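Please treat every number below as a calculation from the coordinates, not as lab data. None of these values were measured; they are calculated from a predicted model. We place every Cβ from the backbone using ideal geometry, glycine too, and count neighbours over all the protein chains shown.
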Amino acid sequence: MTFYIPTIGLEIHAELRTKTKMFCNSKNDPDEKRPNVNVCPICLAHPGTLPVINGEAVKHVLRVGLALGGELADYTEFDRKNYFYPDLPKGYQISQFAYPLVSGGSLSGVSITRVHLEEDTASSIHDDEAGTTVIDFNRSGVPLMELVTEPVIKSAEEAGSFARELQLLLRYLDVSEANMEKGEMRVEANISVAPLGERGTKVEIKNLNSFRIMERAVAYEIKRQSALLERGEKIIQETRGWDDKRHATFSQRVKEGSADYRYFPDPDLPSLKLSELPEYTPGILRGTMPELPDERRTRYLVLGIKSDDAELFVRDSGLGDFFEAVISSYEAGSRKIILSSNYIANDLVKIIRDTEKRDTEYQYKIPISVESFRKIIDMIYSNKISSRSAKDLLALSIADSKSPEEIAEREGLFKTTGVDLEQAVASTIKANSVVVADFQAGKEAALEYLVGQCMKTLRGAADPVVLRDLLRAHIAEK
């Protein structure tokens, strides 16, 4: 059997967050439910109308280019991409062909070919039972960024990882919400397989509306093409869709080439010389850039927190911002930073997940104030409460309006005195003579059982290390 090498490139569209559409003043509102409300003669392609470039959309794409380390265009222009489809009111789409806004760059080790700006199409809404299709023009003309990668991706998992990192980057830059379930980010995958050293035939899969579906479709297509080649059959260059019920791709149409679109510069739009427009120059745009995901990830690791925690705080900006606020008063290198990370990433997140406190599918709602959380960390750090008591105190502080100190006092969570410890150890030894005998016979696990029983008696308000030493000492005296 021949070993086939997959080659994958992605084309990703993202609707940009702007107040108005790409070439007119109609509202850009992805949450509008009423059909054909945000429309005007320009985005409906009435004769005699003239488009005007949305400068904010241009800035958004240039900022993405800076984040990717790409080359920003000095000269750029818009082109007409000609094809017929019912959701394309003009019979062509205003896009960019020869002079994209951004060339090159990379993200997560994947090289970028180009990033350009275009307008979105209207939405086709199909009713399979009635056999009808209606058109909603609210989306027609919305600013749309298209990013094209080099064909350097080698697996479905790598494709998914890249797309997720791009979504995160767009959100950090505040240029797009990029919600795939709303169609604000759409992924198309170009896949070919061939024996090592040979070039395969490219197949495009369209309308992949989730990362999971994209990964499944890419993996399926690699297997399908490999099986065809193994049987001595040829792969057809075509566009395919994904059937999520059958978990298989299906043929849609023969793939078009760029010549089929008959690109030419749009005569109604001016070309842009960006170096002559100060607000579009790299120097000015860099001043608007936030800390990017990978920069934040690196900074967290330098703080000494675990890589999994760092990734959680990067991907969930709500948790990340909460962590930043908690540690803002701690000195660099303080153990309180590590404690804060551990208790947010493990205990706080578990409580939130159990109570399903989320603002959106990727954003946790924080149910405790920074001040209260910091007080709990300070009590752990000063050895006033045990780790077991800290977990209980965190949960109680979320459900109670009292301060953590008041709750700890009321619930008896502060660490017990030496007398209490001695009494707990003595009673535990007396009540568990068989386990004590096992420990004396050399079974170390028996000691951990005794520690657990002491902790239960003390409601977690003790240091397990101290308990182990006391138990050993008392048992040795017997």
At 0.36 nm per residue, minus the direct Cα-Cα distance, what do TYR83 and LYS33 gain on full extension? Give it in nm, one decimal, please. 15.2 nm
Shape of segment 390-478, Cα gyration tensor, a/c cut at 1.5: prolate
PHE414 and ARG286 label points (each 7 Å along its Cα→Cβ direction) are spaced in nm at 5.5 nm
If you consider only alpha-carbon coordinates, what radius of gyration and Dmax does segment 162-209 have, in Å? 14.6, 42
Length-normalised contact order for segment 418-477 - Cα pairs under 8 Å, 6+ apart - percent: 41 percent
Report, in order of residue number, the helices in the chain meeting two criteria: a C-alpha extent of 27 Å or more along the helix axis, and a mean Kyte-Doolittle hydropathy of at least -1.0; treat each whole DSSP H run as one helix. 211-230
Anisotropy class of segment 293-411 from Cα gyration tensor, a/c 1.5 cut: oblate
Alpha carbon centre of segment 144-192 versus segment 81-108: separation in Å? 16 Å
Which residues' amide hydrogens lie under 5 Å from the amide hydrogen of GLU184, considering only partners 5 or more residues apart or on another chain, with H built in the peptide plane? ASN179
Relative exposure of VAL254, VAL64, judged by other C-beta atoms within 10 Å (fewest first): VAL254, VAL64
Full-stretch length increase - LEU196, THR298 - with 0.36 nm per residue and alpha-carbon distance subtracted: 33.1 nm
Given the rule -39500 (n - 2.57) for each run of at least 4 DSSP H residues, summed and divided by the residues of the chain, what is its mean residue ellipticity at 222 nm, to the nearest 500 deg cm²/dmol? -12000 deg cm²/dmol
Percent of Cα-Cα pairs more than 17 Å apart in segment 1-116, please. 66 percent
Describe numerically, in nm with one decimal, the distance between label points set 7 Å from Cα along Cα→Cβ at ARG262 and at GLU311. 5.0 nm
Regarding segment 4-286, what are the three Cα extents along the principal axes, ordered largest first, in Å? 55, 51, 34
According to a simple spin-label model (label point 7 Å from Cα along Cα-to-Cβ), what is the distance in nm between GLU233 and LYS456? 6.4 nm
Any trypsin sites (Lys or Arg not before Pro) in segment 179-255 that lie in a DSSP loop and have at most 15 other Cβ atoms within 10 Å would be ARG199, ARG231, LYS234, LYS245, ARG246
With the Cα gyration tensor of the chain giving a ≥ b ≥ c as the square roots of its eigenvalues, does the rule (a/c under 1.5 for rounded; else a/b larger than b/c for prolate; else oblate) give rounded, prolate or oblate? prolate
List the GluC sites (Glu not before Pro) within segment 305-346 that DSSP assigns to loop and that have no more than 14 neighbouring Cβ atoms inside 10 Å. GLU331
FRET efficiency for LYS182 and ASP354, using Cβ-Cβ distance with R0 set to 35 Å, rounded to 0.05: 0.80
Report the semi-axes of the equivalent ellipsoid for segment 14-77 in whole Å, largest first, where each axis is √(5λ) for an eigenvalue λ of the Cα gyration tensor. 26, 16, 7
Can you compute the FRET efficiency between ARG468 and LYS154 using 1/(1 + (r/R0)^6), with r the Cβ-Cβ distance and R0 = 45 Å? Round to the nearest 0.05. 0.30
Stretch gain in nm, segment VAL52-ALA130, where the contour uses 0.36 nm per residue and the Cα spacing is subtracted: 24.2 nm
Can you give me the relative contact order of the chain as a percent, contacts being Cα pairs under 8 Å and 6 or more apart? 13 percent
Suppose R0 equals 45 Å. What FRET efficiency, 1/(1 + (r/R0)^6) with r the Cβ-Cβ distance, do ASP243 and GLU279 give to the nearest 0.05? 0.45
